[in-house]
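Novice: This is the structure, below, for whatever I ask next.
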Amino acid sequence: MNQPANDDGLFEHCPWHFAAQASEEQRAAQEQRQKRLLAGPGAVRLGADCFVAETAAVHPDVLHLGDRSYIAAHAYVTGDIRTGADCTINPFTVVRGTVGLGEGVRVGAHTSLLGFNHGTAPDLPVHRQPVTSRGITVGDDVWIGSHVIVLDGVTIGDHCVVGAGAVVTKDLPAWTVAAGNPARRIRDRRETGGGGRSPAPQSGGAGEGTAPILGRPRNEHGADPRPAFADLAEQLAAFAATARAETPGLLDRCRQPGTGHYVDRPGVPPTVRAHCDAVEIADLLLRDVPPHLAAAEHVRRLRALQDPATGLVAEIGAPPPLPGPAGVPDDDGAAAYHVLCVGYALDLLGSSFAHPVHAVRTTTADRLVRHLAALPWRESAWHAGAWVDSWATAAHWNLRLGAEAAAPGALEALFGWLHTHADPWTGMWGSPTAEAGRLQTVNGYYRLTRGSFAQFGLPVPYAERVVDTVLDHARDPRHFAPGRENACNVLDVIHPLWLCARQTTHRSEETRAWAASQLTAALRRWHPGRGFAFGPSPDGSGPGREPGLQGTEMWLAIIWLLADVLGLADVLAYRPRGIHRPEPAPTAGKPS
């Protein structure tokens, strides 16, 4: 490997000095180093004034470094790694798997951020176990000391300090000072007495001028608006504590005795989705599996549902579903949604589908494009968007299993078709109707972008026009008058607004005002011991007003999204990691 241009290795080991002290020769050498990275096989994007040491082993699938971020000597960096501005990965640090760092994050020497794991099932040797990845997320203004180990699936909130030698196995809320093996909370960093003095970050840390990121809004003066929502924050904290305490009873209520199956609510037949919702709820609030079965038994039952020939998943007791002409079924039945819910439930359980979704893996680009054009965008945009969600998610699981997503060029054809058919006036696919207004269009947009742009970590087209369209829809009294909101309609507004806020601040104050009003209303919908109801429907059918697993799983995710838009998500001390995960799905791979 080439030796660094500075013989004493100062910049290799202390890269924050490079911008001020490097010679022209050293700057030219660093420019060549970065050009080699940009020309390599990974998807690399480097911000202004970054530094990557020559002696660092940097072999990413994706590497996005924010401005003034550094990778120091002998670091080992692989996988999908994304940082905000002013981040430092210090000497001999290991960062692997799926890892996202906020702004102003300092990672000490000899630390390991391991955003992946191996399966441990007894039926395979360890070296043949599938690799899984929930990912590691680190917020803004975080100091992780030397010789720390952070394990897969952990979220470290804003402003945390992790002491040297700690082993972080569970999430750390914002402002936590933690230490030990396993790491435990020592105190709140904002405490001024009795706890010692928090060490300051190394030079080169993020200053007051850093750009705002989603979930941490700033007003025009750079101030944090969270004090304006102090009452709402207290309500969120109380709600989360109540929901967490009542989760075991809620899950027990929806377990069918003697079968191991789950029902959405007492008195209805068991379903695959109910089992998956139970897994999502237990992971979200308990950070564990539903207590009625061991994790291996949950995995066995869910994997056994997949048809080896097509890769699709039938309903309990039903025959294997038939694929549609472009892979996933064309109807709005359970089999299309099972691609999402079973795949993500298995992921949360540390496993995966047993087989690729062959029905999608064999879809050619031509067949896919013809089918996209034939979907009912004008009269049923939700149906069309849901189909795209299912197809793209099946392609994602195929990639996770190491198989081809689809026939060569099909995944790229999907995104090409979507980009060229989005309406530049609305940012949407499909058209409003006289009967329902923009309901089909906006709800279809959520499903489509969830499985495609959001899941694969790609920007959406016409983000400002999307915000206009969604806010216009959110004022429609047919769907959002008091007493008419249901989980689907609220989710399908807040997720597009949340997603577009990553790309634009357009009408952000209106977005926050809507989120605050919806959040206040949502917290009142919790039924003690029974969870959330999906919400009203005109004829009272479906999940409706009876609390159950589907309503609970969806409203928990909605509340997180609403809170994150307001900068309050850390109060909840939970973060979706399944179908509604805020980060792109790990190791999904991106079409070029």
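Novice: For Ile186, what residues show an amide H to amide H distance below 5 Å, using hydrogens built from the backbone and excluding near sequence neighbours?
Specialist: Under 5 Å from the amide H of Ile186 lie the amide H atoms of Val177, Ala178, Ala179, each far enough along the sequence or on another chain.
Novice: Once amide H atoms are built 1.01 Å from N in the peptide plane, which residues 5 or more positions from Thr55, or in another chain, come under 5 Å H to H?
Specialist: Amide H to amide H, under 5 Å and 5 or more residues apart or across chains, Thr55 pairs with His74.
Novice: Continuing with this model, one more query. Ignoring everything except DSSP H segments at least 4 long, calculate the 222 nm mean residue ellipticity for the chain; use -39,500 (n - 2.57) per segment, divide by total residues, nearest 500.
Specialist: About -10500 deg cm²/dmol.
Novice: If I take every Cα pair under 8 Å that is 6 or more residues apart in the chain, average their sequence separation and divide by the length, what percent do I get for the relative contact order?
Specialist: Computed over the chain, the figure is 10 percent.
Novice: In bins 10 Å wide, starting from 0, what share of all Cα pairs of segment 10-188 does each bin hold, as a percent?
Specialist: 11, 38, 32, 15, 3, 0
Novice: Then there's this: When the Karplus curve 6.51 cos²θ - 1.76 cosθ + 1.60 is applied with θ = phi - 60°, which whole-Hz ³J(HN,Hα) does each residue of segment 289-294 get, with x for Gly and Pro?
Specialist: Here the 3J(HN,Hα) series is 8, x, x, 7, 9, 5 Hz.
Novice: Please report, in debye to the nearest 20, how large the charge dipole of the chain is about its Cα centre when each Lys and Arg carries +1 at its beta carbon and each Asp and Glu carries -1 there.
Specialist: On the way: 53 positive and 61 negative charges, 175 e Å.
Dipole magnitude for the chain comes out near 840 debye.
Novice: For the chain, give me every cysteine whose Cβ has no other Cys Cβ within less than 4.7 Å, ordered by residue number.
Specialist: Cys14, Cys50, Cys87, Cys160, Cys254, Cys488, Cys500, each lacking another Cys Cβ under 4.7 Å.
Novice: For segment 226-572, count all C-alpha to C-alpha pairs, find those more than 28 Å apart, and express that count as a whole percent of the total.
Specialist: Roughly 44 percent, once rounded to a whole number.
Novice: Nearest 5 is fine: what % of DSSP beta bridges in segment 34-96 come out antiparallel, could you say?
Specialist: The answer is about 0 percent antiparallel.
Novice: Which whole-Hz ³J(HN,Hα) couplings does segment 105-110 yield from phi under the Karplus relation 6.51 cos²θ - 1.76 cosθ + 1.60, θ = phi - 60°, glycine and proline marked x?
Specialist: Working through the residues one at a time gives 9, 10, 10, x, 4, 6 Hz.
Novice: Amide H neighbours of Thr363 under 5 Å, counting only residues 5+ apart in sequence or on other chains, H built in-plane at 1.01 Å?
Specialist: Under 5 Å from the amide H of Thr363: Ala407.
Novice: Would you mind ranking Met428, Met554 so that the residue whose beta carbon has the fewest other beta carbons within 10 Å leads the list?
Specialist: Fewest-to-most ranking of Met428, Met554: Met554, Met428.
Novice: What value does the chain have for Rg/Rh, both radii from Cα atoms and Rh as Kirkwood defines it?
Specialist: Rounded to two decimals, Rg over Rh is 0.96.
Novice: For segment 377-394, take each phi angle, set θ = phi - 60°, evaluate the Karplus expression 6.51 cos²θ - 1.76 cosθ + 1.60, and give the result in whole Hz per residue in order, putting x for glycine and proline.
Specialist: 4, 6, 9, 8, 5, 5, 4, 5, x, 5, 5, 4, 4, 5, 5, 5, 5, 4
Novice: So for the chain: antiparallel DSSP bridges make up what percent, rounded to the nearest 5?
Specialist: Antiparallel bridges: around 25 percent, rounded to the nearest 5.
Novice: Relative to 2.2 N^0.38 Å, what does the C-alpha radius of gyration of segment 369-448 come to as a ratio? Two decimals please.
Specialist: Against the compact-globule rule of thumb, the ratio is 1.16.
Values quoted throughout were computed directly from the atomic coordinates according to the rules given, and no laboratory measurement underlies them. Not measured: the values here are computed from a predicted model. Counting neighbours? That spans all protein chains shown, and the Cβs are built from the backbone with ideal geometry, glycine included.
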